[in-house]
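The structure under discussion appears below in the form of structure tokens.
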Amino acid sequence: MNRVDELFKKKSTNILSIYFTAGFPALEDTLPIMKAIEAAGADIIEIGIPYSDPIADGPTIQDSNLVALNNGMSLRKLFSQLADMRKEVALPVILMGYLNPVVQYGIEDFCQKCKEVGVDGLILPDLPMNQYLSEYKPFFDKYDLRNTFLISPQTSEHRIREIDEHTDGFIYMVSSASITGAKSAISDEQLAYFERVRNMHLKNPRLIGFGISDRASFKSAASYSHGAIIGSAFINVLKAAKDQEKEIIAYIKGIIND
Amino acid sequence: MIKVDENGFYGKFGGAFIPEMLYPNIEELRENYLPIINSSEFQKEFRYLLKDYVGRPTPLFLAERMSEKYKAKIYLKREDLCHTGAHKVNNTVGQIILAKKLGKKRIIAETGAGQHGVATATVCALMGMDCTVYMGAVDIERQKPNVERMRILGAKVVPATSGSQTLKDATNEAMRQWINNPVDTHYIIGSVVGPHPYPEMVATFQSVISEEIKAQLLEKEGRENPDLVIACVGGGSNAAGSFYHYYNEPSVRLIAVEAAGLGVFSGKSAATTSLGKLGILHGSRTLLMQTEDGQVVEPHSISAGLDYPGIGPVHAHLFDTGRGEFIAVEDEDAMVAGIELSRLEGIIPAIETAHAFSALNQLSYNASDIIVINVSGRGDKDLETYIKWGNY
């Protein structure tokens, strides 16, 4: 069974997904970071495929992309690092990245490779829904990969319904009209948006991301959804870490433990 | 037929490959731009500003000494005489009127060499709109006079400090800021690039160039169609404007001239159709200079305006179908051509434009042919580059 499906079957609240950029801070950090995330008790691992032109990302993830590329990270390299991950990592693993590197790899080869190494789902933010349906979905289905679309506060109700229909992993709720990046508190306006979408009773679970950085923002977002995604704030932890494993575990435990 | 389809594709190129956060912005534009720009109210204001503010129609000038040297009848379309010194303003005038009709309060734009930034800052001053221009930090250093022109016009110039800190990064930054300000802001893209409907919309505003060429040539030669139209291509807005009304006139050869930099295969080039592969950049599927891994490669050209790793989707389609002929011109040859035009016709062209003139050395044509070359911009902004090159 797909690990994303399995997760949402057994858990529906306070789900924590952690994003990091593959190849950051060091080229060979990918597996150690994944193992630490799992050891700390998070629920999903989201691995960012670095790209030269990340248009939906703020400075923190832009920098981690640049560092990763300078370290020599590539999609081929990433797949080789993930080849044996299922011997050591049980959590659902999702790859997130911009479309161009995937297109160059070849969409079917990419999906096949994802399945082979044990990736469970994909988030490709600049893949539009119509293109997904006409060109990509057959491969996602063939290789049992869950697809996640994003929505934002500006997304119309009609569009959210459409996205819900064609999503089969979870819906990624972008918390505000914004690129990625750690922010301090969640505003009333954002809460109203979380509530509005909650009341739509979508078929897919919802995770809230962008600007979630600490225990308070995680709990607040998770109280309106199935959980939340932390990216930039986690990248900042990696950037500053002296003892990577220990600090990853301390940070994540600080968010989820009561 | 060269025509955009309802999803924004020219053949297999184009579309709108954007994050969902930009979908409402793009959808608002897509739904509204045609009804607005086809309205008589819009057309009245647009035509009025093109005439009395930009100074259109720009002349179609018979270049006799060039004609003698190159053994053909060569006409120059003088876009360099537009207000602000280049064709870029045709598009910014169109988009600012559109932005007002959409009720937008502020304008953002990207710029490479600063020409589009200046054209945007200009129309924002004219309309009293708040204006922020994103420009690569490296380009800000290279193009100081244009930075100051924008500031004098009241625009904020914000450095893009990510990636290679040039045009593509300025475009990334403008898109990010549009994500952050989705409701009150209009993004004026400067070329026939970006997600649908931008490529077709910008081409429509620039199509006044070929519209005028047709009328002017009819008057001078008794025929609307030349044998060749030549224009330089970075993203490709002046070329799209020059070709637009000739796309579906098969007797007219459309010559697109790319920047080969230090040589097409030197690793320092911007010759996208020679080096690019199908990819996705800034929201459209097009030919793109990239690594095996799909990372975008930083191009090089002596002219900052041609220094773009992609090409407008319509040009990718012209290349793919063979409707357009693509020629690559190296830095050195472009500089020589710029000096030659200065000496033969008393017109110092922008270095972008100089590439188009150098193409004459690579083309074969008949002595009876009528050739129209688009003088897309004037060379004042490039004086420092001419001086540094020094070979005149």
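Throughout, read-outs are computed from the coordinates displayed, never taken from laboratory work. This is a predicted model, so every value here is computed, not measured. In this analysis, Cβ positions are derived from the backbone assuming ideal geometry, glycine residues included, and neighbour counts consider all displayed protein chains.
Taking the Cα-to-Cβ direction at B:S364 and at A:L31 and moving 7 Å from each Cα, how far apart do the two end points lie in nm?
6.1
What is the distance in Å between the Cα centroid of the stretch A:85-145 and that of the stretch A:1-44?
16
Could you size up the charge dipole of the stretch A:3-253 around its Cα centre, putting +1 on the beta carbon of Lys and Arg and -1 on that of Asp and Glu, and report it in debye to the nearest 20?
About 520 debye.
Charges at C-beta only: +1 for Lys and Arg, -1 for Asp and Glu. How large is the resulting dipole of chain B about its Cα centre, in Debye rounded to 20? The partial results should precede the final answer.
On the way: 38 positive and 47 negative charges, 144 e Å.
In total the dipole reaches around 680 debye.
So which aspartates and glutamates pass the test for A:K113, namely a Cα distance under 13 Å, with those fewer than 8 places away in the same chain ruled out?
Partners found: A:D84, A:D144.
For chain A, what is the calculated [θ] at 222 nm in deg cm²/dmol (nearest 500), taking -39500 (n - 2.57) for each run of four or more DSSP H residues and dividing by its residue count?
Details: 12 runs with 114 residues, N = 258.
Here the helix-only value at 222 nm equals -12500 deg cm²/dmol.
In nm, to one decimal, how far is the modelled label at A:E88 from the one at A:A216, with both set 7 Å along Cα→Cβ?
3.6
In nm, what is the difference between 0.36 nm times the number of residues separating B:S266 and B:D320 and their Cα-Cα distance?
17.1 nm
Using a cut-off of 30 Å between alpha-carbon atoms, which lysines can reach B:K71, once sequence neighbours fewer than 8 places away in the same chain are excluded?
Result set, ordered by chain and number: B:K214, B:K220.
Normalise the Debye intensity by I(0) for the stretch A:3-253, one equal point scatterer per Cα, no solvent, then take log10 at q = 0.11 Å⁻¹ and round to two decimals.
The computed values of log10 I(q)/I(0) come out as -0.53.
Using the C-alpha atoms of the protein assembly as shown, what convex hull volume per residue, in cubic angstrom, is computed?
That works out to 146 Å³ per residue.
Which ³J(HN,Hα) values in Hz, rounded to whole numbers, follow from the phi angles of the stretch B:381-387 under the Karplus curve 6.51 cos²θ - 1.76 cosθ + 1.60, where θ = phi - 60° and Gly and Pro get x?
Rounded to whole hertz, the list is 5, 9, 3, 4, 5, 4, 5.
Compute from the Cα atoms of the stretch A:20-138 the Rg and the Dmax, the latter being the longest Cα-Cα distance, and quote both in angstrom.
13.8, 39
Give the distance, in whole Å, between the Cα centre of the stretch B:173-206 and the Cα centre of the stretch A:167-244.
Answer, in whole Å: 28.
Which entries in B:K268/B:K381; B:K104/B:K277; A:K35/B:K168; A:K77/A:K246; A:K137/A:K239; A:K77/B:K168 show an alpha-carbon gap greater than 32 Å?
B:K104/B:K277; A:K35/B:K168; A:K137/A:K239
Indicate the gyration tensor shape class of chain B (rounded, prolate or oblate), computed on the Cα atoms with a ≥ b ≥ c the square roots of the eigenvalues: a/c under 1.5 is rounded; otherwise a/b larger than b/c is prolate and the rest oblate.
Rounded shape, in that the Cα axes give a/c under 1.5.
What does the average come to when, for each residue of peptide B:284-297, you count the partner chain Cβ atoms lying within 10 Å of its Cβ?
Across the residues of B:284-297, the mean count of other-chain Cβ atoms within 10 Å is 5.
Put +1 on the Cβ of every Lys and Arg and -1 on every Asp and Glu Cβ in the stretch A:3-253; which of A:F210, A:I94, A:A42 then has its Cα farthest towards the positive end of the dipole?
My answer, from the dipole projection, is A:A42.
Under 8 Å for C-alpha pairs, at least 6 residues apart: give me the relative contact order for chain B, rounded to a whole percent. Walk me through the intermediate numbers first.
Working: 848 pairs, mean separation 75.9, N = 392.
RCO, chain B: 19 percent.
Relative contact order of chain A, please, whole-number percent, based on alpha carbon pairs below 8 angstrom and at least 6 residues apart. Each step should come with its number before you reach the end.
Details: 468 pairs, mean separation 63.0, N = 258.
It rounds to 24 percent for chain A.
In whole Å, what is the distance between the alpha-carbon centres of the stretch B:208-260 and the stretch B:12-39?
26
Among the trypsin sites (Lys or Arg not before Pro) within the stretch A:198-258, which fall in a DSSP loop and have no more than 15 other Cβ atoms within 10 Å of their own Cβ? Numbers along the way, then the final one.
Working: sites: A:R198, A:K203, A:R206, A:R215, A:K219, A:K239, A:K242, A:K246, A:K253; in loops: A:K203, A:K242.
Passing sites in the stretch A:198-258 are A:K203, A:K242.
Can you list, by residue number, the Cys in chain B that have no neighbouring cysteine C-beta under 4.7 Å?
When partners are defined as cysteine Cβ atoms under 4.7 Å apart, chain B leaves B:C82, B:C232 without one.
Among the DSSP beta bridges whose two residues both lie in chain B, what percent are antiparallel, rounded to the nearest 5?
30
Distance from a point 7 Å along Cα→Cβ of A:E245 to each backbone N in the stretch A:1-45: keep the residues under 12 Å and list them by number.
Under 12 Å, as judged by backbone N against the label point of A:E245, lie A:32-37, A:39-40 of the stretch A:1-45.
Rounded to the nearest 0.05, what FRET efficiency do A:Y132 and A:N257 have when you use their Cβ-Cβ distance and R0 = 45 Å? Please report the intermediate quantities before stating the final value.
Details: r = 37 Å, r/R0 = 0.83.
Here the calculated transfer efficiency is 0.75.
Tell me, what is the FRET efficiency for A:A39 and A:A185 to the nearest 0.05, using R0 = 35 angstrom and their Cβ-Cβ distance as r?
About 0.75, to the nearest 0.05.
What shape does the stretch B:297-392 have by the C-alpha gyration tensor, where a ≥ b ≥ c are the square roots of the eigenvalues, rounded means a/c under 1.5, and otherwise prolate means a/b greater than b/c and oblate the rest?
In terms of gyration-tensor shape, oblate.
Any idea which of A:N70, A:A22, A:A250 is furthest toward the positive side of the dipole for chain A, if Lys and Arg beta-carbons carry +1 and Asp and Glu beta-carbons -1?
A:A250
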